[in-house]
Amino acid sequence: MQSRGSSNKLSSMIARTRISSLLLSMFATFASIYVAGRLWQDAQTRVRLIKELDRITGYGKSAISVDDTLKIIACREQRKKLLELEMQLAAAGQEGFKSKGSTDTDDKDPKKRPLVVIGILTRFGRKNNRDAIRKAWMGTGAALKKRENEKGIITRFVIGRSANRGDSLDQDIDSENKQTNDFFILDHHMEAPKEFPNKAKLFFAYAVDKWDAEYYAKVNDDVYVNIDSLGATLATHLDKPRVYIGCMKSGDVFSEPGHKWYEPDWWKFGDKKLYFRHASGEMYVISRALAKFISINRSILRTYAHDDVSAGSWFLGLDVKYLNEGKFCCSSWSSGAICAGV
(Lines give C-alpha, C1' and ligand atoms only; values in the text may rest on other atoms or scores of the structure.)
Protein backbone atom coordinates (compact mmCIF):
# COMPACT_ATOMS: atom_id res chain seq x y z
CA MET A 1 0.00 0.00 0.00
CA GLN A 2 2.77 2.40 0.87
CA SER A 3 4.65 1.44 -2.25
CA ARG A 4 1.58 2.12 -4.40
CA GLY A 5 1.03 5.48 -2.65
CA SER A 6 4.63 6.47 -3.13
CA SER A 7 4.41 5.57 -6.78
CA ASN A 8 1.31 7.71 -7.25
CA LYS A 9 2.92 10.63 -5.47
CA LEU A 10 6.01 10.36 -7.66
CA SER A 11 3.88 10.24 -10.80
CA SER A 12 2.02 13.34 -9.64
CA MET A 13 5.27 15.22 -9.03
CA ILE A 14 6.58 14.27 -12.46
CA ALA A 15 3.36 15.45 -14.08
CA ARG A 16 3.54 18.78 -12.25
CA THR A 17 7.14 19.18 -13.28
CA ARG A 18 6.24 18.56 -16.91
CA ILE A 19 3.42 21.09 -16.72
CA SER A 20 5.74 23.68 -15.11
CA SER A 21 8.36 23.07 -17.77
CA LEU A 22 5.72 23.39 -20.44
CA LEU A 23 4.44 26.63 -18.96
CA LEU A 24 7.98 27.95 -18.62
CA SER A 25 8.71 26.98 -22.20
CA MET A 26 5.53 28.68 -23.39
CA PHE A 27 6.33 31.81 -21.36
CA ALA A 28 9.87 31.90 -22.79
CA THR A 29 8.47 31.47 -26.28
CA PHE A 30 5.97 34.31 -25.81
CA ALA A 31 8.64 36.49 -24.25
CA SER A 32 10.94 35.82 -27.19
CA ILE A 33 8.16 36.69 -29.60
CA TYR A 34 7.39 39.88 -27.68
CA VAL A 35 11.04 40.97 -27.55
CA ALA A 36 11.51 40.13 -31.21
CA GLY A 37 8.41 42.11 -32.05
CA ARG A 38 9.62 45.14 -30.12
CA LEU A 39 13.03 44.91 -31.73
CA TRP A 40 11.37 44.64 -35.13
CA GLN A 41 9.24 47.70 -34.35
CA ASP A 42 12.31 49.63 -33.20
CA ALA A 43 14.12 48.59 -36.35
CA GLN A 44 11.17 49.71 -38.46
CA THR A 45 11.02 53.02 -36.60
CA ARG A 46 14.73 53.50 -37.14
CA VAL A 47 14.38 52.73 -40.81
CA ARG A 48 11.58 55.25 -41.14
CA LEU A 49 13.61 57.91 -39.34
CA ILE A 50 16.60 57.26 -41.56
CA LYS A 51 14.48 57.34 -44.70
CA GLU A 52 12.83 60.58 -43.60
CA LEU A 53 16.20 62.09 -42.81
CA ASP A 54 17.49 60.95 -46.18
CA ARG A 55 14.51 62.53 -47.87
CA ILE A 56 15.06 65.84 -46.10
CA THR A 57 18.81 65.99 -46.49
CA GLY A 58 18.92 64.44 -49.94
CA TYR A 59 21.86 62.24 -49.05
CA GLY A 60 20.09 58.95 -49.69
CA LYS A 61 23.05 56.93 -48.45
CA SER A 62 23.02 57.47 -44.72
CA ALA A 63 22.78 54.60 -42.27
CA ILE A 64 22.87 56.33 -38.92
CA SER A 65 21.35 55.64 -35.55
CA VAL A 66 18.43 57.39 -33.94
CA ASP A 67 20.85 59.09 -31.56
CA ASP A 68 22.84 60.46 -34.49
CA THR A 69 19.63 61.63 -36.09
CA LEU A 70 18.69 63.57 -32.98
CA LYS A 71 22.18 65.08 -32.85
CA ILE A 72 21.82 66.26 -36.43
CA ILE A 73 18.46 67.83 -35.66
CA ALA A 74 19.94 69.58 -32.61
CA CYS A 75 22.84 70.89 -34.71
CA ARG A 76 20.44 72.26 -37.26
CA GLU A 77 18.49 74.04 -34.55
CA GLN A 78 21.71 75.58 -33.28
CA ARG A 79 22.65 76.61 -36.79
CA LYS A 80 19.23 78.22 -37.26
CA LYS A 81 19.67 80.19 -34.03
CA LEU A 82 23.16 81.24 -35.13
CA LEU A 83 21.83 82.52 -38.45
CA GLU A 84 19.12 84.47 -36.63
CA LEU A 85 21.73 86.03 -34.35
CA GLU A 86 23.86 86.96 -37.35
CA MET A 87 20.85 88.62 -38.97
CA GLN A 88 20.10 90.52 -35.78
CA LEU A 89 23.72 91.61 -35.55
CA ALA A 90 23.64 92.85 -39.12
CA ALA A 91 20.42 94.74 -38.45
CA ALA A 92 21.90 96.25 -35.32
CA GLY A 93 24.91 97.39 -37.32
CA GLN A 94 22.64 99.08 -39.84
CA GLU A 95 20.73 100.75 -37.02
CA GLY A 96 23.82 102.56 -35.86
CA PHE A 97 25.80 100.17 -33.68
CA LYS A 98 28.80 100.40 -35.97
CA SER A 99 30.79 103.24 -37.43
CA LYS A 100 28.81 105.29 -39.91
CA GLY A 101 31.93 105.88 -41.90
CA SER A 102 31.93 102.27 -43.02
CA THR A 103 30.56 101.19 -46.37
CA ASP A 104 28.75 98.15 -47.65
CA THR A 105 31.18 96.15 -49.74
CA ASP A 106 31.02 93.23 -52.08
CA ASP A 107 34.02 91.23 -53.27
CA LYS A 108 33.15 91.83 -56.89
CA ASP A 109 31.37 95.19 -56.80
CA PRO A 110 32.18 97.37 -53.78
CA LYS A 111 29.64 100.18 -53.42
CA LYS A 112 29.44 103.19 -51.15
CA ARG A 113 26.16 103.86 -49.42
CA PRO A 114 24.41 107.01 -50.73
CA LEU A 115 24.73 110.00 -48.44
CA VAL A 116 21.16 111.28 -48.63
CA VAL A 117 17.87 110.78 -50.44
CA ILE A 118 16.06 114.10 -50.88
CA GLY A 119 12.31 113.90 -51.35
CA ILE A 120 10.78 117.09 -52.76
CA LEU A 121 7.10 116.86 -51.86
CA THR A 122 5.15 118.32 -54.75
CA ARG A 123 1.53 118.42 -55.94
CA PHE A 124 -0.55 118.46 -59.09
CA GLY A 125 -0.39 121.70 -61.03
CA ARG A 126 3.09 122.62 -59.75
CA LYS A 127 5.13 121.88 -62.85
CA ASN A 128 6.50 125.42 -62.96
CA ASN A 129 7.90 124.96 -59.45
CA ARG A 130 9.46 121.65 -60.44
CA ASP A 131 11.04 123.11 -63.57
CA ALA A 132 12.47 125.98 -61.52
CA ILE A 133 14.00 123.53 -59.04
CA ARG A 134 15.45 121.40 -61.84
CA LYS A 135 17.07 124.48 -63.33
CA ALA A 136 18.23 126.03 -60.06
CA TRP A 137 19.74 123.19 -58.04
CA MET A 138 18.42 119.71 -58.76
CA GLY A 139 19.62 119.20 -62.31
CA THR A 140 18.29 116.79 -64.89
CA GLY A 141 19.40 113.84 -67.00
CA ALA A 142 23.15 113.19 -66.93
CA ALA A 143 23.80 115.91 -64.34
CA LEU A 144 21.31 114.36 -61.94
CA LYS A 145 22.81 110.91 -62.43
CA LYS A 146 26.35 112.23 -62.01
CA ARG A 147 25.52 113.77 -58.65
CA GLU A 148 24.05 110.47 -57.51
CA ASN A 149 27.16 108.52 -58.53
CA GLU A 150 29.81 111.00 -57.40
CA LYS A 151 28.28 112.66 -54.34
CA GLY A 152 25.76 110.04 -53.27
CA ILE A 153 22.90 112.56 -53.30
CA ILE A 154 19.65 111.20 -54.73
CA THR A 155 16.89 113.71 -55.48
CA ARG A 156 13.31 112.90 -56.46
CA PHE A 157 9.97 114.69 -56.66
CA VAL A 158 7.45 112.88 -54.46
CA ILE A 159 3.79 112.74 -55.44
CA GLY A 160 0.80 110.46 -55.01
CA ARG A 161 -2.13 109.64 -57.27
CA SER A 162 -5.35 111.39 -58.14
CA ALA A 163 -8.59 110.57 -56.36
CA ASN A 164 -9.88 109.70 -59.83
CA ARG A 165 -7.18 107.21 -60.62
CA GLY A 166 -5.89 107.42 -64.17
CA ASP A 167 -7.36 110.85 -64.97
CA SER A 168 -5.56 113.73 -66.69
CA LEU A 169 -3.72 114.66 -63.48
CA ASP A 170 -2.13 111.22 -63.24
CA GLN A 171 -1.46 111.16 -66.97
CA ASP A 172 0.33 114.52 -66.84
CA ILE A 173 2.62 113.28 -64.05
CA ASP A 174 3.35 110.03 -65.88
CA SER A 175 4.13 111.97 -69.06
CA GLU A 176 6.42 114.38 -67.19
CA ASN A 177 8.19 111.48 -65.49
CA LYS A 178 8.84 109.79 -68.84
CA GLN A 179 10.70 112.91 -69.93
CA THR A 180 12.61 113.62 -66.72
CA ASN A 181 12.73 110.30 -64.84
CA ASP A 182 12.97 112.15 -61.52
CA PHE A 183 9.74 111.24 -59.73
CA PHE A 184 9.13 108.97 -56.77
CA ILE A 185 5.44 108.16 -57.26
CA LEU A 186 3.47 106.87 -54.27
CA ASP A 187 0.95 104.70 -56.08
CA HIS A 188 -1.01 103.89 -52.93
CA HIS A 189 -1.29 107.47 -51.70
CA MET A 190 -4.10 109.81 -52.74
CA GLU A 191 -3.13 113.45 -53.23
CA ALA A 192 -5.16 115.75 -50.98
CA PRO A 193 -4.24 118.77 -48.80
CA LYS A 194 -5.18 116.98 -45.58
CA GLU A 195 -3.07 113.97 -46.57
CA PHE A 196 0.22 115.87 -46.75
CA PRO A 197 1.51 114.62 -43.34
CA ASN A 198 0.72 111.02 -44.34
CA LYS A 199 2.52 111.63 -47.62
CA ALA A 200 5.68 112.66 -45.75
CA LYS A 201 5.43 109.51 -43.63
CA LEU A 202 5.08 107.30 -46.70
CA PHE A 203 8.01 109.01 -48.39
CA PHE A 204 10.34 108.09 -45.52
CA ALA A 205 8.89 104.58 -45.25
CA TYR A 206 9.16 103.74 -48.94
CA ALA A 207 12.40 105.61 -49.57
CA VAL A 208 14.31 103.64 -46.92
CA ASP A 209 12.96 100.43 -48.47
CA LYS A 210 14.17 101.49 -51.92
CA TRP A 211 17.48 103.22 -51.11
CA ASP A 212 19.86 102.28 -48.28
CA ALA A 213 21.23 105.77 -47.59
CA GLU A 214 22.75 107.46 -44.55
CA TYR A 215 20.07 110.18 -44.43
CA TYR A 216 16.63 111.04 -45.79
CA ALA A 217 15.53 114.65 -46.31
CA LYS A 218 12.08 116.12 -46.82
CA VAL A 219 11.92 119.38 -48.81
CA ASN A 220 9.02 121.52 -50.03
CA ASP A 221 8.78 122.31 -53.75
CA ASP A 222 9.26 126.04 -53.16
CA VAL A 223 12.67 125.75 -51.47
CA TYR A 224 16.14 126.29 -52.91
CA VAL A 225 18.77 123.86 -51.59
CA ASN A 226 22.53 124.37 -51.56
CA ILE A 227 23.58 120.80 -52.35
CA ASP A 228 27.27 121.26 -51.54
CA SER A 229 26.54 122.84 -48.17
CA LEU A 230 24.01 120.12 -47.38
CA GLY A 231 26.48 117.36 -48.20
CA ALA A 232 29.26 118.95 -46.13
CA THR A 233 26.96 119.43 -43.12
CA LEU A 234 25.58 115.90 -43.16
CA ALA A 235 29.07 114.42 -43.48
CA THR A 236 29.98 115.91 -40.09
CA HIS A 237 27.23 113.94 -38.33
CA LEU A 238 27.90 110.45 -39.66
CA ASP A 239 28.91 109.29 -36.18
CA LYS A 240 25.39 109.92 -34.84
CA PRO A 241 23.16 106.89 -35.50
CA ARG A 242 19.77 108.42 -34.63
CA VAL A 243 19.82 112.07 -35.60
CA TYR A 244 17.04 114.54 -36.43
CA ILE A 245 18.33 117.72 -38.09
CA GLY A 246 16.48 120.91 -38.87
CA CYS A 247 15.47 124.40 -37.85
CA MET A 248 13.95 123.44 -34.50
CA LYS A 249 10.93 125.26 -33.09
CA SER A 250 7.88 124.73 -30.90
CA GLY A 251 5.20 127.21 -31.91
CA ASP A 252 1.61 127.85 -30.96
CA VAL A 253 -1.21 125.38 -31.44
CA PHE A 254 -4.18 127.09 -33.06
CA SER A 255 -7.60 125.87 -31.98
CA GLU A 256 -9.71 128.16 -34.17
CA PRO A 257 -11.17 126.20 -37.12
CA GLY A 258 -10.85 129.15 -39.49
CA HIS A 259 -7.15 129.69 -38.87
CA LYS A 260 -4.63 128.83 -41.59
CA TRP A 261 -2.68 126.59 -39.19
CA TYR A 262 -5.68 125.09 -37.41
CA GLU A 263 -4.91 121.91 -35.47
CA PRO A 264 -7.98 119.66 -35.00
CA ASP A 265 -6.18 117.83 -32.18
CA TRP A 266 -5.26 121.05 -30.36
CA TRP A 267 -6.63 119.69 -27.08
CA LYS A 268 -3.90 117.04 -26.97
CA PHE A 269 -1.14 119.60 -26.48
CA GLY A 270 -1.91 120.80 -22.96
CA ASP A 271 -3.33 123.98 -21.52
CA LYS A 272 -0.58 126.22 -22.88
CA LYS A 273 -1.27 124.96 -26.42
CA LEU A 274 2.35 124.71 -27.54
CA TYR A 275 3.72 122.08 -29.87
CA PHE A 276 6.60 119.89 -28.75
CA ARG A 277 10.03 120.51 -30.24
CA HIS A 278 10.16 119.71 -33.96
CA ALA A 279 11.95 120.79 -37.14
CA SER A 280 10.39 123.36 -39.42
CA GLY A 281 8.61 121.82 -42.39
CA GLU A 282 10.45 123.58 -45.23
CA MET A 283 13.29 121.09 -44.89
CA TYR A 284 14.45 118.54 -42.33
CA VAL A 285 16.68 115.46 -42.32
CA ILE A 286 16.58 112.17 -40.42
CA SER A 287 19.11 109.35 -40.25
CA ARG A 288 18.61 105.86 -41.62
CA ALA A 289 17.69 104.33 -38.26
CA LEU A 290 14.82 106.78 -37.82
CA ALA A 291 13.60 106.25 -41.38
CA LYS A 292 13.55 102.49 -40.71
CA PHE A 293 11.60 103.12 -37.53
CA ILE A 294 8.99 104.99 -39.57
CA SER A 295 8.92 102.22 -42.17
CA ILE A 296 8.37 99.49 -39.59
CA ASN A 297 5.70 101.42 -37.67
CA ARG A 298 4.04 103.27 -40.54
CA SER A 299 0.62 101.79 -39.84
CA ILE A 300 0.47 102.98 -36.23
CA LEU A 301 2.30 106.32 -36.30
CA ARG A 302 -0.10 109.20 -35.70
CA THR A 303 -0.26 112.19 -38.04
CA TYR A 304 -1.41 115.68 -37.11
CA ALA A 305 -2.50 118.63 -39.24
CA HIS A 306 1.07 119.44 -40.34
CA ASP A 307 3.82 117.13 -41.56
CA ASP A 308 6.61 118.76 -39.51
CA VAL A 309 4.64 118.38 -36.27
CA SER A 310 3.79 114.81 -37.23
CA ALA A 311 7.44 113.95 -37.86
CA GLY A 312 8.43 115.43 -34.51
CA SER A 313 5.79 113.35 -32.73
CA TRP A 314 7.16 110.10 -34.15
CA PHE A 315 10.47 110.54 -32.34
CA LEU A 316 9.10 111.44 -28.91
CA GLY A 317 10.30 108.92 -26.36
CA LEU A 318 13.08 107.61 -28.61
CA ASP A 319 16.80 108.01 -28.01
CA VAL A 320 17.17 110.63 -30.75
CA LYS A 321 19.77 113.37 -31.14
CA TYR A 322 18.03 116.67 -31.99
CA LEU A 323 20.26 119.04 -33.95
CA ASN A 324 19.01 122.60 -34.17
CA GLU A 325 20.86 123.69 -37.29
CA GLY A 326 20.44 127.35 -38.26
CA LYS A 327 21.47 126.54 -41.82
CA PHE A 328 18.15 124.71 -42.20
CA CYS A 329 16.08 127.82 -41.39
CA CYS A 330 14.94 128.48 -44.96
CA SER A 331 13.03 131.69 -44.21
CA SER A 332 16.25 133.74 -44.02
CA TRP A 333 19.31 133.51 -46.27
CA SER A 334 22.75 133.74 -44.69
CA SER A 335 26.30 132.77 -45.58
CA GLY A 336 26.66 129.01 -45.75
CA ALA A 337 22.90 128.43 -45.53
CA ILE A 338 21.56 125.17 -46.84
CA CYS A 339 18.10 126.27 -47.95
CA ALA A 340 15.99 129.32 -48.74
CA GLY A 341 12.36 129.82 -49.67
CA VAL A 342 11.69 131.06 -53.18
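The values are calculated or read from the model by the stated rules, or taken from the named source; none is laboratory data. A quick note: this is a predicted structure, and the numbers were derived from the prediction, not measured. Heads up, the Cβs are rebuilt from the backbone with ideal geometry, glycines too, and the neighbour counts pull from every protein chain shown. To get the accessible areas, we keep the full protein, side chains included, count just its heavy atoms, and leave off ligands, DNA and RNA. Shrake-Rupley method; radii C 1.70, N 1.55, O 1.52, S 1.80 Å.
A few remarks follow.
- Among the chymotrypsin sites (Phe, Trp or Tyr not before Pro) in the stretch 288-335, those placed in a DSSP loop whose Cβ has at most 13 other Cβ atoms within 10 Å are TRP333.
- Separation between Cα centres of the stretch 303-342 and the stretch 133-156, rounded to whole Å: 23
- For the residue pairs LYS268/LYS327; LYS292/LYS321; LYS135/LYS249, alpha carbon separations beyond 25 Å are given by LYS268/LYS327; LYS135/LYS249.
- Listed pairs LYS145/LYS194; LYS146/LYS240; LYS199/LYS273; LYS151/LYS201; LYS178/LYS201 exceeding 29 Å between Cα atoms: LYS145/LYS194
- Of the trypsin sites (Lys or Arg not before Pro) found in the stretch 252-342, those that fall in a DSSP loop while having at most 16 other beta-carbon atoms within 10 Å are LYS260, LYS272, LYS273, ARG277, ARG298, ARG302.
- At full extension, SER295 and LEU238 could sit 18.4 nm farther apart than now, given 0.36 nm per residue minus the alpha carbon distance.
- Percent carbon-and-sulfur accessible area, the stretch 116-341, ignoring ligands, DNA and RNA, probe 1.4 Å: 50
- Between the listed residues ALA217, ILE133, GLY317, the Cα displaced farthest toward the positive end of the dipole of the stretch 116-341, a dipole computed from Cβ unit charges relative to the Cα centre, is found at GLY317.
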